[in-house]
Amino acid sequence: MSTVQTGLMRIRDEKELQSHFKGNIGILCHSASIDDKYNHVLDIFLKTFPGQVKKVYGPQHGFVTDVQDNMIETNHFIHPHYKIPIYSLYSETRIPTDEMLEEIDHLFIDLQDVGTRIYTYIYTMTLLLEKCADKKIEVIVLDRPNPINAHDIEGNILDIKFASFVGRHPIPVRHGLTIGEVALMHQKFWTKNKSHLKVIEMKNYSRTMNFYETKLPYVNPSPNLPTIEGCYTFVGTVLFEGTNISEGRGTTRALEQVGHPRFDSLKYLNHFEKTFKDCDMRGFKLRPVNFYPMFQKHEHQSCGGYFIHITDHKEFRPWRVSQILLKEMKHLLAENFHYKTDPYEYEFNMNPVDMINGTDLLRKWYDRPRDFDYLEILEKESMDQYLNARDQILLYK
């Protein structure tokens, strides 16, 4: 099997592609914007387009991907090595200003997404597309793999009443798109004002590939996703950000384990194993753990919980697993369980767990009797409409 060629690798290698971009260039990128040799997009572009790269933009977590948490902003600065302005799109603004876009002819987007709705990079991209709609700026998305494959789809469709910066568009939690396809969906279905958009497609890519199968090097796209396995579990464990149950931030394997200081994981292991067996949930193993967050929730306290080990990537359904985990842990923790009440991603009025879920129906379901079939019912709502729209923009088989 050949290594997948990303959009970045193609523009690095294909002279005919390079010839289309003669004007001033801006790049939206981060630390995972690399080629198959670990070379960064900025270094590649400075060599490929000498004198043309004028501005760089960074998403949440920063251009160098060093900022750990939500709602911690990154400053604009002149890069001390490259002497190029670096503008933060997770600062006082999440939309590029007119000044940030001045004198740019071609704006390249090279971001490694993780395939989950609750991840801000695709919204930084769609906000940028909307901003460029009335400007003479060509936006070029250098497509990259969906690390958890672009075939499997999980979770409920976002109810637009719960739209936020962790869910702007009506897509499922596990959306089954590459970042280039998200851009195409946005232009066709989610905005009235169209941008001058071009997607540079990958070569040798199949929708069913996970990141291992692409043979590309993995660099964590944000500080708390150090592994490909974490991209899978994140589909579900991101939900715990809306609660006082730790999702493992402050440990070396964030978002692959969940726990709470008052939770006895050994005591309840049989309960969970039986529950998941009854629900026919396969492809994973819960391992009882204690972990000690060095920052964030339950800092410097030992949390009892479970590490989610994936045993079969094709069978594993992380959204359902975490929904059931949360529902049951909420019941078992009783008065020790709380929802997050402080602001989440700059929303001050919505319940954070509702923002993450894209609905309030799941929060209400957590308090109901053990009706696990409801998850399938919720997943089916508006899914046919989504799949029909998705079919119209797919780039890969």
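Find the helices (runs of 4 or more DSSP H) located wholly in region 1-106 whose residues include 2 or more that are in contact with a helix residue (DSSP H, G or I) (Cβ under 8 Å, 6 or more places away or on another chain), and list them.
Output list reads 7-13, 15-18, 41-48.
Can you find even one residue in region 177-186 that is over 18 Å from residue 231 (Cβ atoms), outside any loop (DSSP other than H, G, I, E, B) and touching a Ser or Thr at 6+ places or on another chain (Cβ under 6 Å)? Yes. Residues that are over 21 Å from the mean Cα position of the chain (by Cα) and modelled with pLDDT of 95 or more: find the helices (runs of 4 or more DSSP H) completely inside region 337-397 holding 3 or more of those. Here the list reads 361-366, 374-380, 383-391. The sole residue among 279, 303 that is surrounded by 14 or more Cβ atoms within 10 Å (Cβ to Cβ) and in contact with a Pro (Cβ under 6 Å, 6 or more places away or on another chain) is 303. Of all residues in region 190-198, one or more are among the charged types (D, E, K, R), in contact with a helix residue (DSSP H, G or I) (Cβ under 8 Å, 6 or more places away or on another chain) and in the same structural domain as residue 141 (by TED's automatic domain parsing). All told, residue 88 meets the bar of being over 23 Å from residue 217 (Cβ atoms), among the polar types (S, T, N, Q) and under 19 Å from the mean Cα position of the chain (by Cα).
The values are calculated or read from the model by the stated rules, or taken from the named source; none is laboratory data. Only a predicted model underlies this, so the values are computations on that prediction, with no experimental measurement involved. Using ideal geometry, Cβ is built from the backbone for each residue, glycine included, and neighbour counts are taken over all protein chains shown.
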